[in-house]
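> Have a look at the structure that comes next, please.
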């Protein structure tokens with residue numbers, strides 16, 4: 001519905017004088033002489049006259065004046081669109097003018113400039129909501145750099161936004177990144193350099209032994225274990241909250257044990273020949289306990305990284321059937 005403008009000239013001279021008289025007992029109880037010849041009454045009547053005149057002027061906002069303010073707020077391109085759509089006399093139509101005022105007020109209240117991380121992420125998704133599922137903003141980082149060491153260097157004035165598409169493979173194409181960049185570039189603050197990049201994925205291998213229950217099938221149980229791991233690390237639906245694996249979150253061994261232990265057909269999970277449970281190319285990412293013997297605790301990720309759920313090396317998972325008794329004596 002159109003925005004109804006308030007009537008600012010809603011009090012007359014007599015209303016203003018009566019309101020002032022009603023305040024005298026509160027603020028000046030000793031003032032009892034209210035004849036027109038009293039200087040105080042003269043001042044009240046003078047102020048009432050001036051106030052009534054100013055209220056009248058304030059309420060006289062002509063359609064042309066309102067249209068001028070709308071042009072100032074919305075810009076010259078908006079004014080040209082109004083003329084093209086409604087004609088040169090569009091300001092004289094009250095319904096169109098009120099609708100334009102309402103839209104201008106709503107536009108002023110909606111965020112435009114991207115300042116915070118949440119602003120960048122929300123606008124990145126809004127740039128292509130049908131194609132983008134997640135966006136992650138890292139301030140003071142230039143993720144366009146190829147070397148992980150240089151990507152970690154503090155870069156004042158730089159903002160990087162990682163875009164995760166809705167469909168596999170979870171790597172956006174250059175056209176999608178360009179669309180997001182153009183949207184953010186038009187809303188950024190002055191001197192801010194915006195970078196829109198693909199997610200960086202870490203390949204992880206799982207090396208564990210699954211000891212099965214007596215009635216479990218090896219192939220079916222292995223398949224369920226692989227599906228559980230892939231779902232847990234999924235960029236869109238993985239993680240403990242089922243909202244996608246968080247960017248930069250470490251992978252803890254205890255979580256893998258708990259996950260695989262709940263797979264149908266698995267009796268318990270154990271290390272394979274005492275070896276590390278997780279395998280990564282960069283051994284510097286492995287975090288061990290301070291006890292002896294050392295035990296693997298987690299694998300660390302960089303802030304811009306996710307787990308490559310579609311490329312988890314599961315060939316090192318060993319499925320072991322339980323030992324069957326030879327016979328039972330009655």
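The values are calculated or read from the model by the stated rules, or taken from the named source; none is laboratory data. Just so you know, these numbers come straight off a predicted model, no measurement behind them. Please note: Cβ atoms are built from the backbone with ideal geometry, for glycine as well, and neighbour counts cover all protein chains shown.
> Considering only the stretch 24-35, I want to know if a residue exists there that is in a loop (DSSP other than H, G, I, E, B) and surrounded by 11 or more Cβ atoms within 10 Å (Cβ to Cβ). Before the answer, list the steps.
If we filter the stretch 24-35 for residues that are in a loop (DSSP other than H, G, I, E, B), which is where we start, we get 28-35.
Checking the rest, the ones that are also surrounded by 11 or more Cβ atoms within 10 Å (Cβ to Cβ) come to 31, 34.
Checking the stretch 24-35: at least one residue is in a loop (DSSP other than H, G, I, E, B) and surrounded by 11 or more Cβ atoms within 10 Å (Cβ to Cβ).
> Let me ask something else about it. Please state which one of 225, 231 is in the same structural domain as residue 258 (by TED's automatic domain parsing), crowded, with 19+ Cβ neighbours inside 10 Å and within 30 Å of residue 264 (Cβ to Cβ).
Values: 231 fails: crowded, with 19+ Cβ neighbours inside 10 Å.
Criteria check complete, one pass: 225.
> Also, quick follow-up: Looking at 50, 54, 70, which is the one that is out of contact with any strand residue (DSSP E or B) (no Cβ under 6 Å at 6 or more places or on another chain), surrounded by 10 or more Cβ atoms within 10 Å (Cβ to Cβ) and modelled with pLDDT of 90 or more?
Residue meeting the stated conditions: 50.
> Can you find a residue that is within 27 Å of residue 117 (Cβ to Cβ), modelled with pLDDT under 95 and in contact with a strand residue (DSSP E or B) (Cβ under 9 Å, 6 or more places away or on another chain) anywhere in the stretch 204-227? Talk me through it step by step, then tell me what you get.
As a first pass, look at the stretch 204-227 and keep what is within 27 Å of residue 117 (Cβ to Cβ): 204.
Checking which are modelled with pLDDT under 95 leaves us with 204.
Okay, now just the ones that are also in contact with a strand residue (DSSP E or B) (Cβ under 9 Å, 6 or more places away or on another chain), so 204.
Looking through the stretch 204-227, at least one residue is within 27 Å of residue 117 (Cβ to Cβ), modelled with pLDDT under 95 and in contact with a strand residue (DSSP E or B) (Cβ under 9 Å, 6 or more places away or on another chain).
> If a residue counts only when it is touching a helix residue (DSSP H, G or I) at 6+ places or on another chain (Cβ under 9 Å), which strands (runs of 3 or more DSSP E) contained entirely in the stretch 271-312 have at least 1 such residues?
296-299, 305-307
> Here is a check on your reading of the model: is residue 299 in the same structural domain as residue 214 (by TED's automatic domain parsing) and at pLDDT 95 or above?
yes
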